[in-house]
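Colleague: Please find one structure pasted underneath; my questions will follow.
Nothing in this text is a laboratory measurement; each read-out follows from the coordinates by a stated rule. Owing to the predicted nature of the structure, the values given are computational and were not obtained by experimental measurement. Note that each Cβ is placed from the backbone with ideal geometry, even for glycine, and that neighbours are counted across all protein chains shown.
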Amino acid sequence: MKLSTKGRHAVTAMMELALQHKKGPVTLADISAQQAISISYLEQLFARLRQHGLVTGMRGPGGGYCLARPASEISIASILATVDDVTRREEQPHTQSEVPAGAQLWQRLSNRIYDYLDSITLEDAIEAAASEPETSLFGSGFRQTAA
């Protein structure tokens, strides 16, 4: 499993969206200002997030983006899978000689990381960032705004 900058930006943008959900639709300009991510980059990310049903977009004055379902129902792994094509790969039944031991080890590790991230919801990530901003689940980079 590869965690990219694109994935990290998607997660932090979704956290920002979840934090501001009570105010109504959130513009990409607002997310850009709070998280220091370029608007053009956010447009690319949110196009994929919208296509995969994680966010909904509203056009016109007062428009922006909203979570498509509650933050408690969106896993971090689902966000990463949307922008990075991250998946959990089922281990294939092979004999020892068919697959190198190192490849087996990395596949199992990758699956454990995926399972861990799949067990963390967007809501969990926000709560962790709020309770311990210096040691959040994803390290530095997330600047929490007032809800």
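Colleague: When you count, for each residue, the other Cβ atoms within 10 Å and take the mean per peptide, how do 118-124, 22-28 rank with the highest first? Present the calculation step by step, with values, prior to reporting the outcome.
Modeller: Details: 118-124: 16.7, 22-28: 15.1.
With the highest mean Cβ count within 10 Å placed first, the list reads 118-124, 22-28.
Colleague: Here is a further query. Within region 17-92, which GluC sites (Glu not before Pro) sit in a loop by DSSP and count at most 15 neighbouring Cβ atoms inside 10 Å? Present the calculation step by step, with values, prior to reporting the outcome.
Modeller: Values: sites: Glu43, Glu73, Glu90, Glu91; in loops: Glu90, Glu91.
Sparse-neighbourhood loop GluC sites (Glu not before Pro): Glu90, Glu91.
Colleague: Okay, next question. So what are the ³J(HN,Hα) numbers for region 18-28, from phi and the Karplus equation (6.51, -1.76, 1.60; θ = phi - 60°), rounded to whole Hz, Gly and Pro as x?
Modeller: Once rounded to whole Hz, the list reads 5, 5, 9, 4, 5, 7, x, x, 10, 7, 5.
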